[in-house]
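Read through the structure below, which is laid out as C-alpha cells, and then see the notes.
What follows is calculated from the coordinates using simple rules that are stated; it is not laboratory data. Just so it is clear, the structure is predicted and the values come from calculations on it, not from any experiment. Heads up, the Cβs are rebuilt from the backbone with ideal geometry, glycines too, and the neighbour counts pull from every protein chain shown.
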Amino acid sequence: MVDSIRYDPCLIAFWLMGGVVIVITILALLSIAVPELLDLSHLASVATEYGVIEAILLTMVAALVAVFFLVIFCTPLAYVLARNTIRWKGMVENIVDIPLVLPHTVAGLMVYLLFMSRGPIGAPLRSVGIVFEDAFFGIVVAMIFVSSPYYINAVREGFEKVPVHLENVARTLGATRFHAFRSIALPLSTRHILSGSFLAWGRAVGEFAAVVMIAYFPMVVSTLIYQRFTTGGLAESRSVAFIMILICIAVFVVFRWITRTTGRHDHDRA
Amino acid sequence: MIALEHVSMTLGEFSLHDVDLRISTGEYLVIMGPSGAGKTVLLETIAGLRFPDSGRILLGGTDVSCIPPENRHIAIVYQDYSLFPHMTAFDNIAFGLRLRRVAKPETEQRVRSLLKEFNIAHLIDHYPSSMSGGEQQRVALARALAVNPEILLLDEPFAALDPNTREECMRMMLAVRKSQNLTIIQVSHSREEAYGVSDRVALIIDGCVVQTGSADDIFRNPRSPAAAKYAGIDNIFRGTVISCNGASSTIDIGGHQITLDSIAPVGASVTIGIAGEHVSFAEEPHITVGPALNAVSGIVTDILPMEHAVKIRIGGVLPLTAVVKRNNGLIPIPSLGEPCVALFLCEDVHLLEEGV
C-alpha cells in the first residue's frame, strides 16, 4: 500500500520525461569536461593565456557594470509596476518584455543603430567622449538591453509580494513614500533583487549576438569562443568554454552561499 | 473632530458614495457592513492612503483632503496586524518614533513602557513570525500608539483572535481610549464588538452610510430593507397599505393582512420587517387574535438548530421565519410538517424606509 503511493506511476512517468532534459544537460557538461580533464596541460596553457584571461575579466566586469545600471534604473521601475495601477501599465510591461522575444541579432542591431557613432544616442555621447562602437560601454549597453527583462520581472515579483498594508502602516507612522519604499519594500525584496541581479548577470555574461553587433572587439568570452571555434577548431574553443563553465559554477555557489540567509523574513517565507 | 463631507470615490470594485459622517473627539465609532461595502476603503481614505474623487475630509475643522498620511497624525492597525516582518517588536514599535527623530534614550523608554503596558515586555527582541496572533495584535497596537496619534483606525483588529483574547483586547481598547481620549474608528463584522466597545455604529452598505446610531438602534431598529437584512431581520415583506386609523395601519401582503403600530398613507407601497425573535407560536391552532397581535397560519417546513435557539421556517400564504429560544419550555416548538399558528405583536412590525 505504502509502496504503491511511493511509486506512483504518474509521478514516475513525469520524472522520466523530465529526466530526458536533465540527462542531456549532464551529457553536455561531460562532453566538454571529460576531454578537458584528460588533457590538463593543454587546459592550463589555455587558462593562462593573456587573451583568455582578459576576455573573461572583461565579460565579468562588463556584466557587473550592466547589473549595476539595472539596479539603479530598473529597481524603481519594478516598484512602480508592482504598485501603481496606471492605465498604461500593461503596455509598459510589454515594452519591458520585448528583448525577451526578439532574436538577439535583432536586439544587437537595435542597440547598434541607437548607440553607433552616428546613432541618436551614440552621436551626442560621442561628443562628450563616450564611445560605444567596439568599446567597453558598447558591450555594457548590449548586455543591459538583453538582460533588463530578467531583472525587472524578478524584482517586480518581489515587490508584489510585499503586502501594501506594510507600507500603508509605515506611512501613517510618519514615513514618506520614499522612506516606506526604502525601509519596508526594499529590504523585504532583497532576495528578489539579488536573484534578479544574478539572473541578469548570467544572461549578460552569456550574451553573444547582441554584443558582437556593436563590439566585436574588445572580445568578450562568447566572442572569443566563437572566434576560436571558427579559426582554431574544437579543442581551442572547448578549453575556453570549460574554464567559463567552472567560473560560472563557482560564482553560482558563492552567490548561493552569500544569500543563504537573505529574505528569511520575507512575507512568502514566513 | 473628524468630518467627512460628501466623500465619493471609486476604486476598482469598491466605491464610496456621498459619505457624510461626523465623529467627535474621543468617540468610539464602529463601522459595520457586509463584505465589499467599502469599509476598509473608508478607513484608508480617512488615513490619507487614498484620496477621494470628490468631497472633503476635515480634521478639527481643517481640510486635510490633500494632506499625505504621514502628516495626518492618524494611525492604522489592520486585521493582519501588518507588523514589519524584518524588524523585532522593539524596532516595530520604535519605527514611528525614529522617523520623528525622537532621541534614542527617550525612544527606548517609550517603547519599553508600551511593551510593559501591553504585557509583552518579553517579546522585545522577537520577530513577528515567532509571535501568536494576540501578541502580534498587541505589538501592532503599541506601534500605532507609540506616536501619540489623535485618531486610531482599526480594521477588523479582533477578527482573527479566539473569543477570550478578543474580549481581553476589547477591554484593552476601552482602557486605551479612556486614558488617552483617543478617537477610535473600528471596522467590525461582530455584533459583540459593536455592543462591547462602540459609542456609535455606522452601517455602510454598497459604499453608502445607510444608518448611524447605537448598536441597539442598528440591530433592533433598522431603518431600511438593506439595513434590516444586515441586522439579520428574517422576515422582510413588501405590501400595500389598505387602512390607517391614526395610530396603526393595516397592510396587505399577497392577500394576507398584517397590522402594525405605525402610520402610513393608504395605498402606499411599503416594506416591513419582523425579527425572527419576535415570532412565537400559539399553543392551539385556533386562537382568538387580539387587536395587538398578528397571527399567520402555516406548516413547519424547516427546522435549523442553532447555539441558543432554533430557527423555524413556516410555509404558507405568508412564509415566516421564527427564532425560538431553546429549552424555554414555555413556548411549544412545533415539529416538521406540523400545522401551526405563528404570532407576533403589532409593535414588533417595523416599517422600513425605501431608498435609505
Treat each spin label as a single point 7 Å out from the Cα along the C-beta direction, and report the A:Ile53 to B:Lys178 distance in nm. 8.0 nm
Helix B:89-99 axis, angle to chain B major axis (alpha carbon atoms, nearest 10°): 70 degrees
B:Lys116: which aspartates and glutamates have alpha carbons under 20 Å from its alpha carbon, excluding same-chain residues fewer than 8 sequence positions away? B:Asp91, B:Glu106, B:Glu108, B:Asp125, B:Glu135, B:Glu167, B:Glu168
So if the hydrodynamic radius of chain A is defined as the Kirkwood radius over C-alpha pairs, what does Stokes-Einstein give as its diffusion coefficient at 4 °C and 1.567 mPa s, in µm² per second? 61 µm²/s
Once you put a point 7 Å from the Cα of B:Val310 and another 7 Å from the Cα of B:Asp206, both along the Cβ direction, what distance in nm separates them? 3.7 nm
Highest-fluctuation residue, B:Asp302, B:Asp155, B:Asp18 considered, GNM on chain B with Cα pairs under 10 Å: B:Asp302
Using 1/(1 + (r/R0)^6) with R0 = 22 angstrom and r between the beta carbons of B:Asn164 and B:Asp216, what's the FRET efficiency to the nearest 0.05? 0.30
Roughly how many Å is it from the Cα centre of the range A:93-169 to that of the range A:196-270, as a whole number? 18 Å
What dipole magnitude, in Debye to the nearest 20, does chain A give about its Cα centre under +1 on Lys/Arg Cβ and -1 on Asp/Glu Cβ? 1020 debye
Using a Gaussian network model of chain B whose springs link C-alpha atoms within less than 10 Å, name the residue from B:Val41, B:Val266, B:Val77 with the highest mean-square fluctuation. B:Val266
Per-residue counts of other Cβ atoms within 10 Å, averaged by peptide: what ranking do you get for B:159-167, B:130-138, highest first? B:130-138, B:159-167
For chain B, which semi-axes, largest first and in whole Å, follow from the square roots of 5 times the eigenvalues of its Cα gyration tensor? 48, 25, 15
Assuming R0 = 45 Å, can you tell me the calculated FRET efficiency for the pair A:Ala44 and A:Val106, based on Cβ-Cβ distance, to the nearest 0.05? 0.70
tail above 25 Å in the computed P(r) of the range A:117-270, as % of all Cα-Cα pairs, reads 50 percent
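So for the protein assembly as shown, considering every pair of alpha-carbon atoms, how many percent are separated by more than 38 Å?
More than 38 Å apart: 57 percent of the Cα pairs in the protein assembly as shown.
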With chain B treated as a Gaussian network of Cα nodes joined by springs under 10 Å, which of B:Leu16, B:Leu152, B:Leu97 yields the largest mean-square fluctuation? B:Leu97
Taking a quarter of the surface of the Cα convex hull of the range B:132-290, what do you get in nm²? 13.8 nm²
Let me see the pair-distance distribution of the range B:135-220: every alpha carbon pair, 10 Å bin width, integer percents in order. 16, 50, 30, 5
Counting only other chains, and only Cβ atoms inside 10 Å, what mean value do you get across the residues of B:90-103? 2
Nearest 10 degrees is fine. How inclined is helix B:133-146 to the longest principal axis of chain B, computing both from alpha carbons? 60 degrees
Given the alpha-carbon gyration tensor of the range B:226-352, what are the semi-axes of its equivalent ellipsoid in whole angstrom, ordered largest first, with each equal to the square root of 5 times an eigenvalue? 25, 16, 13
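Only four residue types carry charge here, +1 at the Cβ of Lys and Arg and -1 at the Cβ of Asp and Glu. Report the dipole size of chain B about the Cα centre in Debye, rounded to the nearest 20.
In debye, rounded to 20, chain B gives about 1000.
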What value, in deg cm²/dmol to 500, does the helix sum -39500 (n - 2.57) over DSSP H runs of n ≥ 4 give at 222 nm once divided by the residues of chain B? -7000 deg cm²/dmol
Taking the dipole about the Cα centre of the protein assembly as shown, with the C-beta of Lys and Arg at +1 and of Asp and Glu at -1, give me whichever of A:Val128, B:His6, B:Val279 is farthest to the positive side. A:Val128
For the protein assembly as shown, build the charge dipole from Cβ charges (+1 Lys, Arg; -1 Asp, Glu) around the Cα centre, then report which of A:Tyr112, B:Ala231, A:Tyr150 sits farthest towards its positive end. A:Tyr112
If you take the beta carbon distance between B:Leu58 and B:Ile124 as r and set R0 to 35 Å, what does 1/(1 + (r/R0)^6) give as a FRET efficiency, to the nearest 0.05? 0.35
Provide, for q = 0.12, 0.22, 0.25 Å⁻¹, the log10 of I(q)/I(0) from a solvent-free Debye sum over equal Cα point scatterers in the range B:174-263. -0.53, -1.08, -1.22
The protein assembly as shown, dipole about Cα centre (Lys/Arg Cβ +1, Asp/Glu Cβ -1), debye to the nearest 20: 1840 debye
Could you tell me which of A:Ile249, A:Leu186, A:Trp201 has its Cα farthest along the dipole of the range A:50-269 towards the positive end, charges placed at Cβ (Lys, Arg +1; Asp, Glu -1), taken about the Cα centre? A:Leu186
